[in-house]
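Chemist: Got a structure for you, questions after.
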Amino acid sequence: MEKISVTLTKNLKEKPKGPDIPFGVFTTDHMFLMNYDRENGWHDPRIVPYAPFQMDPACMVLHYAQEIFEGMKAYRDAEGKIRLFRPEENFKRMNSSCERMSIPQIDVDFCVEAVKQLVTLEKDWVPTAPNTSLYIRPFIFATDIHVGVHASHTYQFCVILSPVGPYYATGLAPVSIMIEEEDVRAVRGGTGFTKCGGNYAASLRAGEKAEEKGFSQVLWLDGVERKYIEEVGSMNVLFKIGGKIVTPALNGSILPGITRKSCLQLLRDKGFEVEERRLSVEELISAARDGSLEEAFGSGTAAVVSPIGTLYYKGETFTISGGGIGPVAQDLYDTLTGIQWGKVADPYGWSQVIC
Ligand code: COI
């Protein structure tokens, strides 16, 4: 692949100050771009000043949503060094999303290198306050100018960066979640396992309804029988039931989370029995009723490990772990963030110092 060219901005932006940085509001000074066409493959990799895209109104992504994205983070450790967490995993997953969405494959190692170069250039944007990081958002979208429905022949790849604090305004405080009974997010054979924008678009109506009722997000049931637990909009979900960790198996309609995978490995290594399987909403609610549901928490790049304090289902509210942070969620959060911020030993080689 070609060398990445760099064009520096003349107008540096002001960085957010203070320990509280809202999620997803600020963007940095530069972004990474490359383009795809049939003759040249992925080409013209470049770091350029952050700027809006100019788009033809017939640009295919605006009509048929041929688009995918990823989410990862850069962390500043106690020595001021910048670290990434398992970046190869994100670009491998991006290739799986590409395959489902008829987008050409990317070169995983090259994309990791591009992220490293961009983050190194923008290292002053990696915030220093506790629980803050630099969120990295790679994405690809179809750029053919054509109103007919077909896979585009040209694509834009882009990486933008955003300094962030916790995803939920409540931080590590437990969130309240509503089990959604009407809308579904994904179906068998669909795109549920990809990070395509359409999955998130389909989730917005239920999310708004839940927010109106005072809940943070919805917990999805499967789209076929509306019986089995799937995931929360921005995170995978894990439960401690009768001493065991239970989480929905990767069935093609939920996201194969990198934080999920890391949490399961950590939990197994901490000695927990972990079951990846179908979990029906009836089983979950009966465990909540008889007290065997000891903890519930979400996992995600943005959400990290987020305890679920209350679950709402069919007019009833169930409080979990007394509405507080359960010991497993707290310990998992401490271990995972300890590895991400370079504070605890990382026997897995997940955390990589880049500059
Ligand atoms: C992430 O956790 O990185 C996500 O992409 C979830 C959400 C912000 C869309």
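Read-outs throughout are calculated quantities, based only on the coordinates presented, and are distinct from any laboratory measurement. No experiment lies behind these values; they were computed from the predicted model shown. Don't worry about glycine lacking a Cβ; one is built from the backbone with ideal geometry, like all the others, and counts go over all protein chains shown.
Chemist: So which residues in segment 35-71 are over 15 Å from GLY148 (Cα atoms) and part of a loop (DSSP other than H, G, I, E, B), if there are any at all? Walk me through it before giving the result.
Modeler: Filtering segment 35-71 down to residues over 15 Å from GLY148 (Cα atoms) leaves 35-55, 67-71.
Within segment 35-71, ARG38, GLU39, ASN40, TYR50, ALA51, PRO52, PHE53, GLN54, MET55, GLU70, GLY71 meet the criteria.
Chemist: Just give me the residues in segment 106-135 being surrounded by 18 or more Cβ atoms within 10 Å (Cβ to Cβ), in contact with a Pro (Cβ under 8 Å, 6 or more places away or on another chain) and not in a helix (DSSP H, G or I), in sequence order.
Modeler: Residues satisfying the conditions are VAL126, PRO127, THR132, SER133, LEU134, TYR135.
Chemist: In the set GLY223, GLY189, which member is over 15 Å from the mean Cα position of the chain (by Cα), surrounded by fewer than 16 Cβ atoms within 10 Å (Cβ to Cβ), of a type outside the set (Lys, Arg) and away from the ligand (no atom under 16 Å from the Cβ)? Break it down into steps so the answer makes sense when it comes.
Modeler: On the way: GLY223 fails: surrounded by fewer than 16 Cβ atoms within 10 Å (Cβ to Cβ).
Among GLY223, GLY189, only GLY189 is over 15 Å from the mean Cα position of the chain (by Cα), surrounded by fewer than 16 Cβ atoms within 10 Å (Cβ to Cβ), of a type outside the set (Lys, Arg) and away from the ligand (no atom under 16 Å from the Cβ).
Chemist: Being more than 24 Å from VAL184 (Cα to Cα) and within 16 Å of the ligand (Cβ to nearest atom) narrows it down to one of SER234, SER299, SER262, so name that one.
Modeler: Working: SER234 fails: more than 24 Å from VAL184 (Cα to Cα); SER299 fails: more than 24 Å from VAL184 (Cα to Cα).
Every option except SER262 fails the conditions.
Chemist: Looking at SER162, SER176 in this structure, which one is hydroxyl-bearing (Ser, Thr, Tyr) and more than 16 Å from the ligand (Cβ to nearest atom)?
Modeler: Of SER162, SER176, the one residue that is hydroxyl-bearing (Ser, Thr, Tyr) and more than 16 Å from the ligand (Cβ to nearest atom) is SER176.
Chemist: Now for a different question. Out of ARG76, ARG86, which single residue is on the phi > 0 side of the Ramachandran plot, surrounded by 16 or more Cβ atoms within 10 Å (Cβ to Cβ) and touching a Phe, Trp or Tyr at 6+ places or on another chain (Cβ under 9 Å)?
Modeler: After applying the criteria, what remains is ARG86.
Chemist: Between SER96, SER102, which is within 16 Å of the ligand (Cβ to nearest atom) and either under 21 Å from GLY198 (Cβ atoms) or in contact with a strand residue (DSSP E or B) (Cβ under 7 Å, 6 or more places away or on another chain) (or both)? Full working, then the answer.
Modeler: Working: SER102 fails: within 16 Å of the ligand (Cβ to nearest atom).
Answer to the check: SER96.
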